[in-house]
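Student: Next up is a structure, given as structure tokens.
The values are calculated or read from the model by the stated rules, or taken from the named source; none is laboratory data. The shown structure was predicted, so the numbers you read here are calculated from the model rather than taken from an experiment. Here the Cβ positions follow ideal geometry from the backbone for every residue, glycine too, while neighbour counts run over all protein chains shown. Heavy atoms of the whole protein, side chains included, go into the accessibility calculation; ligands, DNA and RNA do not. Shrake-Rupley method; radii C 1.70, N 1.55, O 1.52, S 1.80 Å.
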Amino acid sequence: MLSSLLSDLRLSTRTLLTRPGFSLAVITTLALAIGANTAVFSAMEGRLLRPLPYPDSERLVYIHNTYPKRGVDDSGNTVPDYLDRREHAAALEDSAIYYDYSYDLAEQGTPMRVAGISASPSLFTTLGVQAALGRTFNEAEAVLGNERVVVLSHALWRNQFAADPEMVGRDIRISGQRYRVVGVMPESFTFPRREIALWVPFAWTDRQKSDAMRGFEFAQSIGRLKPGASIDQLNAQFDAIVANNLQRFAGSTHAPNFAERVSSGGFSGRARSLHKQMVGDVGATLWMLQAAVFLLLLIACANVANLLLIRFAARRHELGMRMALGASRLRITRQLLIEGGVLATAGGAAGIVVAFAGIGLIRWLQLDGAEHGFRIGISLPVVGFTLAAVVMSALLFASVPALALGGAGALDSLSAGGRGSVGRHAARLPRRVLVVLQISLAVALLGGTGLLAHSVWRLQQVSPGFSAENVVTASLNLSREKYRDVADTRRFNEQLMAAVRALPGVIVAGSVGQLPFSSDYGSAPYFVEGKPTEDAAGGEIGNIQVADHDYFRTLQIPLLRGRGFDTSDSTDALPVVIIDQALAQRSFADRDPLGLRIGTAGVDGAISWLTVVGVVQSIKTQQLSEQASSPTFYMPIQQSPPRIFRIVMKSQLAPHTLAAQLREAVAKFDPEQPIWDVQSLAARVDASLNSRRTPMALLLLFAGVALTLSAIGVYGVLAHAVAQRTTEIGVRMALGGSRAAILRWVLAEGGRLLAVGLAVGAALVVVLGLQLRTHLFEVSPLDPLTLVGVMLLVATVGLLACWIPAQRAAGISPMQALREN
């Protein structure tokens with residue numbers, strides 16, 4: 001048996017080598033389809049199927065506050081919320097709290113900005129990781145006065161300190177202060193993002209721990225479940241903590257808005273898998289891409305099956321001779337299957353090469369999740385997937401000619417070697433079905449891609465509520481130690497902004513605490529004067545902003561009522577605030593808010609009252625697809641100067657030119673103060689579309705390949721039909737048939753295939769569109785414009801594929817055709 005199989009394998013290989021053009025076409029088709037599937041699956045395996053690189057990572061959870069009644073799923077954490085959960089949530093084995101902060105590293109030469117994390121020491125025990133050199137910081141170092149210690153990332157240690165093995169125990173200068181290096185993390189450690197260069201202890205103050213800070217949500221939290229505990233149990237315990245706090249704060253002035261947050265917002269804590277949190281929305285994108293490349297593989301298999309059927313017809317004399325010499329139907333069927341297996345194996349091997357290029361493309365498009373520590377590549381599971389794709393492909397396309405051999409008519413045909421038998425309707429039907437399948441799947445893939453492309457186009461037309469044209473942004477983070485006094489921070493801001501406005505080419509410039517379309521986010525509770533605190537509107541959560549008098553003018557945010565800030569809104573003047581339209585509608589309804597006051601609670605629990613002097617248009621802050629704007633209130637930057645602020649400049653100059661001028665201006669006031677994240681605001685807005693545009697670009701690529709393969713399938717079937725019916729065409733023309741009639745006849749043959757394929761494809765587009773509706777923006781899943789456009793495109797390409805064999809048929813010489821018979 002084994003020797004027989006080896007003999008068939010050798011025969012199959014020799015047979016395929018005698019037709020190198022045919023074999024190369026099949027292998028190339030399979031390589032593209034299998035390679036695309038392997039590349040996308042490598043991203044699936046690396047991001048969705050492979051566990052996070054921490055011990056027992058399935059027990060790690062991401063913990064956050066939520067306000068479901070306000071449509072806010074994740075609003076961050078506060079220190080008191082974290083302490084409540086750490087103490088009273090029995091399902092937690094360990095937990096940690098942390099927040100992002102940028103630091104100025106000024107060890108050698110020009111100061112540089114590095115991204116860092118201020119975290120509780122339990123961050124490392126929760127994750128279950130240890131330092132590669134030295135140690136991580138401990139609880140004693142997370143106390144004010146002892147917190148000047150730092151753990152370095154492996155990349156920072158290697159790039160800035162030349163991988164000095166004696167680095168542990170040395171002091172380095174961070175944001176104007178000396179920090180003792182206590183450890184260096186392993187090269188593989190990345191949390192929560194790859195750009196994080198250092199970790200310092202989060203030493204909270206008594207005020208930060210106080211109940212008055214509930215609602216000031218600025219931090220993130222993770223936890224580790226106890227063995228056997230579930231996320232549902234943990235969420236139930238979070239609800240119990242909220243219920244207990246409602247009783248504890250009844251009549252208390254320590255957390256005056258807690259009951260309102262619960263009643264009006266549905267406030268509670270929630271946990272979800274840390275893996276799912278880190279994967280984010282890209283999980284749905286990867287599943288969508290995997291479905292697309294699977295369709296591509298089906299189209300490729302149909303294309304190859306068609307090629308094999310055509311070759312099967314051409315080999316009728318060879319196979320008929322073998323059967324006449326005594327070969328059984330089973331032996332010939334096995335031979336056809338082995339030939340398909342050889343082609344599929346060669347296609348799979350070439351597909352691995354294509355997959356490497358595809359993985360490089362996925363990395364370039366930033367779908368690999370490298371920023372969160374995910375790694376993709378040709379791993380053992382990916383190789384197993386590729387082998388499964390090879391076997392499935394071989395069974396799909398090689399079984400078609402094998403099945404065509406199974407009928408008695410086919411057997412008689414082979415035995416007789418009759419010429420005309422292959423042109424019968426029964427022989428042509430499988431090829432027609434395969435072409436219709438290719439066309440319908442190509443229409444489905446193009447239709448889904450078209451819906452996403454239309455959605456992205458609609459998004460690009462959406463106004464964010466401000467003008468990003470010719471606006472360049474930059475970020476500064478003033479050292480806590482160097483700018484401890486509020487007056488120092490205010491003075492630096494005033495002096496720097498005066499210098500920025502005087503820079504050549506700057507038309508107008510302003511400063512703001514949090515920049516739209518960035519990672520900036522800050523929320524805080526606010527109160528409307530005159531409303532009882534038990535009223536739901538008395539304790540709302542809103543986005544808190546600080547801005548100067550030229551911020552609104554630089555971004556051209558429309559002033560709807562009242563006035564903007566001006567230079568008279570100083571620290572000695574009446575505290576004022578500008579609210580946006582969303583806050584005005586939510587909290588004031590039909591009342592005129594001008595002259596009324598809203599209050600914000602300070603860290604000491606005291607409420608500061610601010611007089612409303614203006615109402616501006618609401619803007620989108622993170623995504624153009626935002627359906628509702630969060631209420632936002634703006635305070636004058638001179639009355640509430642932050643250490644971290646952004647500069648916005650309207651200018652015709654390029655960002656790199658402005659960056660150089662800005663660095664010179666900053667150096668005049670503080671040579672150690674770096675600026676960072678200099679880029680145009682338009683680029684920030686444009687980048688927010690990448691999560692939609694990137695998968696669409698890949699789908700367009702896959703859809704283009706699918707359309708090409710479908711066109712080749714139509715062409716192949718018609719070209720073969722013309723070749724097999726040359727005599728018939730010659731007879732028709734000898735009996736008076738015109739070339740135009742022959743042309744119409746061949747085009748009609750192809751047109752019928754196209755019509756059926758388009759009809760089936762249109763139905764598939766409808767089904768696919770309904771599945772994609774959550775990914776669409778202001779585009780119906782049954783969008784007629786997209787469907788008609790796709791149908792016209794496929795019909796045009798299909799008719800072009802029909803035209804070439806039709807022209808060839810119309811050009812046949814009757815005498816030559818009859819002589820060939």
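Student: Please list 79, 72 in order of solvent-accessible area, largest first, computed with a 1.4 Å probe with all protein chains present. Show your work: numbers first, answer last.
Tutor: Values: 79 0, 72 45 Å².
Order by accessible area, largest first: 72, 79.
Student: Are there GluC sites (Glu not before Pro) in segment 109-184 that DSSP puts in a loop and that have at most 11 other Cβ atoms within 10 Å, and which ones? Before the final figure, lay out each step's value.
Tutor: Values: sites: 139, 141, 147, 166; in loops: 147, 166.
Sites meeting the loop and neighbour criteria: 166.
Student: Where does each of 69, 650, 226 land when they are ordered by accessible area, with a 1.4 Å probe and the largest first?
Tutor: Values: 69 135, 650 25, 226 90 Å².
Of 69, 650, 226, the descending order of accessible area is 69, 226, 650.
Student: Per-residue accessible area for residue 778 at 1.4 Å probe radius, Å² rounded to 10?
Tutor: So the heavy atoms of residue 778 present about 110 Å² to solvent.
Student: List the lysines whose alpha-carbon lies under 27 Å from that of residue 650, not counting same-chain residues fewer than 8 positions away?
Tutor: Residue 650 reaches 620, 668.
Student: Moving on to the next point. Rounded to the nearest 10 Å², what accessible area does residue 161 show when all protein chains are kept and the probe is 1.4 Å?
Tutor: Rounded to the nearest 10, the figure is 20 Å².
Student: Go ahead and estimate [θ] at 222 nm for the chain from helices alone: -39,500 (n - 2.57) per DSSP H run with n ≥ 4, summed, over the residue count, rounded to 500.
Tutor: Calculated from helices alone, the mean residue ellipticity at 222 nm is -16500 deg cm²/dmol.
Student: Using the basic label-point model (7 angstrom from Cα toward the beta carbon), what is the residue 570 to residue 188 distance in nanometres?
Tutor: 6.0 nm
Student: What FRET efficiency comes out for residue 607 versus residue 656 if R0 is 45 angstrom and r is the Cβ-Cβ distance? Round to the nearest 0.05. Present the calculation step by step, with values, prior to reporting the outcome.
Tutor: Values: r = 45 Å, r/R0 = 1.01.
It comes out at approximately 0.50.
Student: Same structure, new question: Calculate the spin-label point distance for residue 773 paired with residue 792, positioning each point 7 Å from the Cα along the beta-carbon direction, and give it in nanometres.
Tutor: About 2.7 nm, to one decimal.
Student: Using a simple charge model, +1 on the beta-carbon of Lys and Arg, -1 on the beta-carbon of Asp and Glu, nothing else, what dipole does the chain show about its Cα centre, in debye to the nearest 20? Intermediate results must be reported in sequence, preceding the final value.
Tutor: Working: 75 positive and 64 negative charges, 875 e Å.
Value, rounded to 20: 4200 debye.
Student: Using a Förster radius of 35 Å, what is the FRET efficiency between residue 383 and residue 763 based on their Cβ-Cβ separation? Nearest 0.05, please. Working shown, then result.
Tutor: Details: r = 37 Å, r/R0 = 1.04.
Once the sixth-power term is evaluated, E becomes 0.45.
Student: Pull out the extension gain between residue 28 and residue 180, defined as 0.36 nm times the separation in residues minus the alpha carbon to alpha carbon distance; nm, one decimal.
Tutor: Working: separation 152, 0.36 × 152 = 54.72 nm, distance 5.86 nm.
So the extension gain works out to 48.9 nm.
Student: What distance in nm separates the two pseudo spin-label positions at residue 243 and residue 163, each 7 Å out from Cα along the beta-carbon direction?
Tutor: Distance between label points: 5.7 nm.
Student: Let me ask another. Towards the positive end of the charge dipole of the chain, with charges on Cβ (+1 Lys, Arg; -1 Asp, Glu), say which of 811, 205, 184 has the farthest Cα.
Tutor: Of the candidates, 811 comes out farthest on the positive side.
Student: Which residue, 125, 717, 515, has the largest displacement toward the positive end of the dipole of the chain when charges sit on each Cβ (Lys, Arg +1; Asp, Glu -1)?
Tutor: Sorting the options by dipole projection puts first 717.
Student: Under 14 Å from the Cβ of residue 570, count the other residues' Cβ atoms, weight Lys and Arg +1, Asp and Glu -1, and hand me the total.
Tutor: On the way: positive: 490, 491; negative: 494, 548, 566, 569, 572.
Spelling it out: positives minus negatives among the neighbours equals -3.
Student: At 0.36 nm per residue, and after removing the present C-alpha to C-alpha distance, how many nm does the segment from residue 366 to residue 507 gain when stretched out fully? Don't skip to the answer; put the middle values down first.
Tutor: Numbers: separation 141, 0.36 × 141 = 50.76 nm, distance 3.54 nm.
Contour length minus Cα-Cα distance gives 47.2 nm.
Student: Turning to a different aspect of this structure: Pulled fully out, how much extra length does the chain show between residue 596 and residue 486, if you take 0.36 nm times their separation in residues and subtract their Cα-Cα distance? Show your work: numbers first, answer last.
Tutor: Numbers: separation 110, 0.36 × 110 = 39.60 nm, distance 2.71 nm.
Value of the extension gain: 36.9 nm.
Student: Would you please classify the overall shape of segment 191-231 from the alpha carbon gyration tensor, given that a ≥ b ≥ c denote the square roots of the eigenvalues, rounded means a/c under 1.5, and beyond that prolate means a/b larger than b/c while oblate covers the rest? Mind dumping the intermediate values first?
Tutor: Details: a/c = 2.24, a/b = 1.16, b/c = 1.94.
It is oblate, given that a/c is not under 1.5 and a/b is not larger than b/c.
Student: Among all helices in the chain defined by DSSP H, which have a length of 30 Å or more along the axis from Cα atoms plus a Kyte-Doolittle mean of at least 1.0?
Tutor: On the way: long enough: 20-44 (35 Å, 1.50); 282-314 (48 Å, 1.92); 329-364 (51 Å, 1.04); 380-404 (36 Å, 2.10); 425-460 (51 Å, 0.87); 690-724 (50 Å, 1.11); 739-771 (47 Å, 1.49); 784-810 (37 Å, 1.60).
Both cut-offs are met by 20-44, 282-314, 329-364, 380-404, 690-724, 739-771, 784-810.
Student: Starting from the residue with the highest accessible area, list 566, 56 in decreasing order, probe 1.4 Å.
Tutor: On the way: 566 60, 56 80 Å².
Of 566, 56, the descending order of accessible area is 56, 566.
Student: A further question on this structure: Less than 12 Å from a label point 7 Å out along the Cα-to-Cβ axis of residue 195: which backbone N atoms in segment 115-148 qualify, by residue?
Tutor: Flagged as within label range: 115-116.
Student: Could you tell me the accessible area of residue 803 in Å² (1.4 Å probe, neighbours in place), rounded to the nearest ten?
Tutor: 110 Å²
Student: Continuing with this model, one more query. Taking only protein heavy atoms into account and a 1.4 Å probe, give the accessible area per residue of segment 15-169 in Å². Could the numbers behind the result be given before it?
Tutor: Details: 6100 Å² over 155 residues.
Ligands and nucleic acids excluded, the result is 39 Å² per residue.
Student: Which FRET efficiency value, to the nearest 0.05, do you get for residue 130 and residue 668 by plugging their Cβ-Cβ distance into 1/(1 + (r/R0)^6) with R0 = 51 Å?
Tutor: Numbers: r = 45 Å, r/R0 = 0.88.
Efficiency computed from Cβ-Cβ geometry: 0.70.
Student: Moving to a separate point now. What is the list of residues in segment 113-149 whose amide nitrogen lies under 15 Å from a point 7 angstrom out from the Cα of residue 519, following Cα to Cβ?
Tutor: 113-119
Student: Under 16 Å from the 7 Å Cα→Cβ point of residue 173, by amide nitrogen: which residues of segment 652-670?
Tutor: Only 667-670 pass the distance filter.
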